[in-house]
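So the structure is just underneath, and the comments pick up after that.
The values are calculated or read from the model by the stated rules, or taken from the named source; none is laboratory data. Just so it is clear, the structure is predicted and the values come from calculations on it, not from any experiment. Glycine gets a Cβ as well: all are built from the backbone with ideal geometry, and neighbour counts include every protein chain shown. When the accessible area is computed, the model is the full protein with side chains, heavy atoms only, and any ligands, DNA or RNA have been set aside. Shrake-Rupley method; radii C 1.70, N 1.55, O 1.52, S 1.80 Å.
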Amino acid sequence: MENHTQDEDLKAHLFATNQQFRSLAEQHAQLKKQIEEIESKPHVTGDDELEEQRLKKQKLRLKDQMNDMLAQYRHAGVIQ
């Protein structure tokens with residue numbers, strides 16, 4: 001549990017102080033919203049499914065980039 005809190009503290013710190021991390025987080029949130037919009041449709045077309053998969057892959061790449069940044073900052077001991 002403590003590790004989760006430290007991760008949340010580090011994410012908040014990076015969001016507040018690092019433009020690149022903030023940009024990645026905002027893009028990630030936007031993609032999440034777009035995916036939710038597709039999933040909330042009463043009838044999903046084949047094109048919708050393809051777009052959803054594309055968005056999910058893009059969202060995952062952003063999450064990986066954010067996790068890489070978190071790991072770098074964790075390793076550097078930015079937040080103790």
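Filter the stretch 44-62 for residues that are farther than 15 Å from GLN34 by Cβ and surrounded by 15 or more Cβ atoms within 10 Å (Cβ to Cβ) and give the result. Answer for the stretch 44-62, where residues must be farther than 15 Å from GLN34 by Cβ and surrounded by 15 or more Cβ atoms within 10 Å (Cβ to Cβ): there is none. Screening PHE21, PHE15 for residues that are open to solvent by less than 80 Å² (accessible area, probe 1.4 Å) and in contact with a Phe, Trp or Tyr (Cβ under 9 Å, 6 or more places away or on another chain) leaves exactly one candidate, PHE21. For the stretch 26-33, the count of residues that are modelled with pLDDT of 95 or more, over 11 Å from the mean Cα position of the chain (by Cα) and open to solvent by less than 80 Å² (accessible area, probe 1.4 Å) is zero.
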